[in-house]
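Inspection log for the structure reproduced underneath, given as structure tokens.
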């Protein structure tokens, strides 16, 4: 495995198994993942919340079961925010998609197996270009996986955010007519998904950022002030763990660049 870039603020977090269990509902408001009973899987999540992503992946894969989800989320966050090499990033997303697909095949009721498959394929699509990915037929697989995740886990915030982004990006790339007819992408559905996500988790920095981006993609200049306000809300969020710190840092960087 190529050397992983460390999360720069691991010393800011000191989660342990007891505190993670105590704060589980808040820590996992976004993904609605059940707290694992297996201590080895729980330890993988402890490493994840502290920003020790490479170690979390190793621990999660070694634990198996619920640990696979921890490994996939750690891979997702690392590849999205910290991996500087494009090829490595895309390889990580495809490895993650394969693991999630195997997990979904073994346990079709596992909402986050479907979610992480969709997330990995979605990020891979962004890396190779959304238009090219749609031509390869990946769009329908992403949409169906996200819809399945929401059906299995009705309070899944992150799946709603990802599905809202799917609707927005498809319309942005191919237009509302083709997007609707070919991929079932609808502006109203996309915006509603973001509103539902933020109703469930008003303090989701990534939800606020992605909603802002979707407003600009779907409605342009008339919604710019609203999008900026969403970025400002995201930048003002207080992160609880390493992942949330990366989300908030992204919002602050975008605001700074706009300013």
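For residue 230, the conditions (1) within 24 Å of residue 142 (Cα to Cα); (2) surrounded by 22 or more Cβ atoms within 10 Å (Cβ to Cβ) all hold with the exception of (1). Take the conditions (1) touching a residue at least 24 places away in the same chain (Cβ under 8 Å); (2) more than 18 Å from residue 218 (Cα to Cα); residue 196 misses just one of them, which is (2). Every condition in (1) modelled with pLDDT of 95 or more; (2) more than 15 Å from the chain's Cα centre (by Cα); (3) in a helix (DSSP H, G or I) holds for residue 239 except the one numbered (3).
Would you pick out the residues in segment 213-227 that are part of a helix (DSSP H, G or I) and more than 20 Å from the chain's Cα centre (by Cα)? So that I can check it myself, show each step before the final result.
The first filter runs over segment 213-227 and keeps only residues part of a helix (DSSP H, G or I), leaving 213-219, 221-227.
Those that are part of a helix (DSSP H, G or I) and more than 20 Å from the chain's Cα centre (by Cα): 218, 219, 221, 222, 223, 224, 225, 226.
Counting the residues of segment 105-141 that are assigned to a helix (DSSP H, G or I), in contact (Cβ under 8 Å) with a residue 24 or more places away in the chain and under 23 Å from residue 65 (Cα atoms) gives 11.
Does residue 88 meet the test of being within 19 Å of the chain's Cα centre (by Cα) and surrounded by fewer than 18 Cβ atoms within 10 Å (Cβ to Cβ)? When the stated conditions are applied, residue 88 passes them. Among the criteria (1) in a helix (DSSP H, G or I); (2) within 17 Å of the chain's Cα centre (by Cα); (3) surrounded by fewer than 18 Cβ atoms within 10 Å (Cβ to Cβ); (4) at pLDDT 95 or above, the one residue 102 does not fulfil is (2).
Listed by first and then second residue, the pairs with beta-carbon distance under 6 Å, at least 6 apart or on different chains, first residue in segment 227-240 and at positive phi and touching a residue at least 60 places away in the same chain (Cβ under 8 Å), second surrounded by 17 or more Cβ atoms within 10 Å (Cβ to Cβ) and assigned to a loop (DSSP other than H, G, I, E, B), form an empty list. None of 153, 129, 145 is surrounded by fewer than 24 Cβ atoms within 10 Å (Cβ to Cβ) and at pLDDT 95 or above except 153. If you check residue 251 against the conditions, is it closer than 30 Å to residue 13 by Cβ, touching a helix residue (DSSP H, G or I) at 6+ places or on another chain (Cβ under 6 Å), touching a residue at least 40 places away in the same chain (Cβ under 8 Å) and crowded, with 21+ Cβ neighbours inside 10 Å? Judged against the criteria, residue 251 is a match. Of the helices (runs of 4 or more DSSP H) contained entirely in segment 1-81, those carrying at least 3 residues that are crowded, with 16+ Cβ neighbours inside 10 Å fall at 39-49, 53-63, 66-81.
If the condition is being modelled with pLDDT of 95 or more and either closer than 10 Å to residue 157 by Cβ or crowded, with 18+ Cβ neighbours inside 10 Å (or both), then segment 172-190 contributes only 190.
The values are calculated or read from the model by the stated rules, or taken from the named source; none is laboratory data. What you see is a predicted model, and the numbers here were worked out from it, not measured in a lab. Virtual Cβ from ideal backbone geometry, glycine too; neighbours counted across all protein chains shown.
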